[in-house]
Amino acid sequence: QVQLVESGGGLVQPGGSLRLSCAASGSFSSINDMAWYRQAPGKKRELVARISRGDRTNYSDSVKGRSTISRDNAKNIMYLQMNSLKPEDTAVYYCYAVASRNPGDLIWYSYWGQGTQVTVPS
């Protein structure tokens, strides 16, 4: 029902910046919470930042102070601005969203994007 497509990843030098985007499309009623997760090689997936439909946010300690999550509800796009990138930021970054499928639905579903690679070399 919801397709999430990440973009904006790539190779960035230490100290550099990038902006990830997640575009939601498909058939759905509304998207509630959205979040960015990441998974480094050999490690489990971890939460980076999340944002509610009402723009409440929270961040992982590892990115707090140098990252900003935002969303455009009219365009159904979520962003993650990351500054002062470090090698430990290297990971596949995944978009996550919770959405209802039809008007009047009392339940919600979770969706994942396929990820975008961010590489910060040492």
* **Range of Cα positions in the chain per principal axis (Å), largest first** => 50, 25, 23
* **Surface accessible to a 1.4 Å probe, per residue, for the residues of the chain, Å²** => 54 Å²
* Under 25 Å from the Cα of Lys86, which lysines turn up, not counting those fewer than eight places away in the same chain? -> Lys43, Lys44, Lys64
* Structure fact -> Computed from the beta carbon distance with a Förster radius of 25 Å, FRET efficiency for Gln81 and Gln39 to the nearest 0.05 stands at 0.80
* To do: Can you figure out the FRET efficiency of Arg53 with Ser7, using R₀ = 22 Å and their beta-carbon distance, to the nearest 0.05?
  => 0.50
* Asked: Got a sec to turn the phi values of region 21-29 into Karplus ³J(HN,Hα) couplings, 6.51 cos²θ - 1.76 cosθ + 1.60 with θ = phi - 60°, whole Hz, x for Gly and Pro?
  -> 10, 9, 9, 9, 8, x, 9, 7, 8
* Structure fact -> Label model pair Ala74, Ala23: point-to-point distance (7 angstrom along the Cα→beta-carbon line) in nm is 1.8 nm
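Pop out the carbon and sulfur fraction of the accessible area of the chain as a percent, whole number, probe 1.4 Å.
Values: 3090 of 6610 Å².
Carbon and sulfur: 47 percent of the exposed surface of the chain.
The values are calculated or read from the model by the stated rules, or taken from the named source; none is laboratory data. It should be emphasised that the depicted structure is a prediction, and the values quoted were computed from it without experimental measurement. Note that each Cβ is placed from the backbone with ideal geometry, even for glycine, and that neighbours are counted across all protein chains shown. Quick note on the areas: whole protein, heavy atoms, side chains included, nothing else; ligands and nucleic acids left out. Shrake-Rupley method; radii C 1.70, N 1.55, O 1.52, S 1.80 Å.
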